Amino acid sequence: MSFVFYFFLWTLCLYWIHRAAHIIPILKIYHYNHHKVINTNTIKWNWNNLLLYNDTKESTIDLWLTEVIPTCIISYITGQWWLIMFYYLWASLIQERVEHNKHFNILLLTSGKWHLNHHKNGECNYGLFTPIWDIVFKTNRNI
């Protein structure tokens, strides 16, 4: 049961950090680069994902500021090191194939169409992995 608690605590933190990336000027600079470089026609895995490097330097900085570093801090504070391992496996092997894939649409996950809707309307769908926090804070928008 503690895994579930820490998973939701972690996703809550990432939700608020992602929202902050749309408001705080220094974070906006990097996060909006991530929004600009998405090409849904060329979704594929690349070896640089193993290094947690995204399409551009700015997009990579965004990934580290909004996901990697917060995940490391949360894992350190809570002692839940499995969060780092889970996140790394997701970010390095899976994320690139599903997050911006317009053909991916699983109801309980925030990838594919759900996340692409966030790219169309930056005021909704901030959640990572689960839409629960978007539902709780009324920022969820269906496609």
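The values are calculated or read from the model by the stated rules, or taken from the named source; none is laboratory data. Predicted model only: the values in this text are computed from it and were never measured. Positions of Cβ are generated from backbone atoms using ideal geometry, with glycine treated the same way; all protein chains shown enter the neighbour counts. Heads up: the accessible areas ignore ligands, DNA and RNA and are worked out on the full protein's heavy atoms, side chains in. Shrake-Rupley method; radii C 1.70, N 1.55, O 1.52, S 1.80 Å.
Give segment 75-91 a look and list any residue that's open to solvent by 20 Å² or more (accessible area, probe 1.4 Å) and either on the phi < 0 side of the Ramachandran plot or under 11 Å from the mean Cα position of the chain (by Cα) (or both), or say none. Step through it out loud before you land on a result.
Within segment 75-91, the subset open to solvent by 20 Å² or more (accessible area, probe 1.4 Å) is 76-82, 84-86, 88-90.
Of everything in segment 75-91, those that are open to solvent by 20 Å² or more (accessible area, probe 1.4 Å) and either on the phi < 0 side of the Ramachandran plot or under 11 Å from the mean Cα position of the chain (by Cα) (or both) turn out to be Tyr76, Ile77, Thr78, Gln80, Trp81, Trp82, Ile84, Met85, Phe86, Tyr88, Leu89, Trp90.
When you scan segment 92-111, do you find a residue that is of a type in the set (D, E, K, R), closer than 19 Å to Ala21 by Cα, open to solvent by 40 Å² or more (accessible area, probe 1.4 Å) and over 14 Å from the mean Cα position of the chain (by Cα), even just one? Working first, answer last.
The initial filter retains those residues of segment 92-111 that are of a type in the set (D, E, K, R), namely 96-97, 99, 102.
In the following step, the residues that additionally are closer than 19 Å to Ala21 by Cα were identified as 99.
Checking the rest, the ones that are also open to solvent by 40 Å² or more (accessible area, probe 1.4 Å) come to none.
No, every residue in segment 92-111 fails to be of a type in the set (D, E, K, R), closer than 19 Å to Ala21 by Cα, open to solvent by 40 Å² or more (accessible area, probe 1.4 Å) and over 14 Å from the mean Cα position of the chain (by Cα).
Kindly establish whether Phe104 is of a type in the set (Phe, Trp, Tyr) and in contact (Cβ under 8 Å) with a residue 40 or more places away in the chain.
Criteria not met by Phe104.
Specify the residue that is least open to solvent (accessible area, probe 1.4 Å); the eligible residues are those in segment 1-29 that are among the small types (Gly, Ala, Ser) and in contact with a Leu (Cβ under 7 Å, 6 or more places away or on another chain).
Filtering segment 1-29 down to residues among the small types (Gly, Ala, Ser) leaves 2, 20-21.
Among the residues that remain, those that are also in contact with a Leu (Cβ under 7 Å, 6 or more places away or on another chain) are: 20-21.
Values: Ala20: 25, Ala21: 0 Å².
The qualifying residue least open to solvent (accessible area, probe 1.4 Å) is Ala21.
Of the residues that sit in segment 112-128 and are touching a residue at least 60 places away in the same chain (Cβ under 8 Å) and more than 11 Å from the chain's Cα centre (by Cα), which one is surrounded by the fewest Cβ atoms within 10 Å (Cβ to Cβ)? Even if it seems obvious, please write down each step before you answer.
In the first step, residues of segment 112-128 are kept if they are touching a residue at least 60 places away in the same chain (Cβ under 8 Å); the result is 116, 119, 122-123, 126-128.
Restricting the remaining residues to those that are more than 11 Å from the chain's Cα centre (by Cα) gives 116, 119, 122-123.
Numbers: Leu116: 19, His119: 14, Gly122: 14, Glu123: 10.
Looking at residues that are touching a residue at least 60 places away in the same chain (Cβ under 8 Å) and more than 11 Å from the chain's Cα centre (by Cα), I get Glu123.
In segment 44-85, what residues are closer than 24 Å to Phe104 by Cα and among the aromatic types (Phe, Trp, Tyr)?
Residues satisfying the conditions are Trp45, Trp47, Tyr53.
Six or more apart or on different chains, Cβ under 9 Å: which pairs go from a residue in segment 129-143 that's among the acidic types (Asp, Glu) to one that's modelled with pLDDT of 95 or more? Could you list them?
Asp134/Tyr15
Go over the candidates Ile23, Ile61 one by one and state the one that is assigned to a loop (DSSP other than H, G, I, E, B) and either among the β-branched types (Val, Ile, Thr) or free of Cβ contacts under 8 Å to residues at least 40 places away in the same chain (or both). Write out each step before concluding.
On the way: Ile61 fails: assigned to a loop (DSSP other than H, G, I, E, B).
That would be Ile23, the only listed residue that is assigned to a loop (DSSP other than H, G, I, E, B) and either among the β-branched types (Val, Ile, Thr) or free of Cβ contacts under 8 Å to residues at least 40 places away in the same chain (or both).
Scanning segment 105-124 for residues that are under 19 Å from Trp90 (Cα atoms) and in a loop (DSSP other than H, G, I, E, B), which turns out modelled with the lowest pLDDT?
If we filter segment 105-124 for residues that are under 19 Å from Trp90 (Cα atoms), which is where we start, we get 105-116.
Right, trim to in a loop (DSSP other than H, G, I, E, B) and you get 105-112.
Numbers: Asn105: 80, Ile106: 78, Leu107: 74, Leu108: 79, Leu109: 80, Thr110: 82, Ser111: 80, Gly112: 81.
Across segment 105-124, the extreme among qualifying residues is Leu107.
Select, from Tyr53, Tyr32, the only residue that is modelled with pLDDT of 80 or more, surrounded by 15 or more Cβ atoms within 10 Å (Cβ to Cβ) and under 25 Å from Asn121 (Cβ atoms).
Numbers: Tyr53 fails: under 25 Å from Asn121 (Cβ atoms).
Sole residue among the options that is modelled with pLDDT of 80 or more, surrounded by 15 or more Cβ atoms within 10 Å (Cβ to Cβ) and under 25 Å from Asn121 (Cβ atoms): Tyr32.
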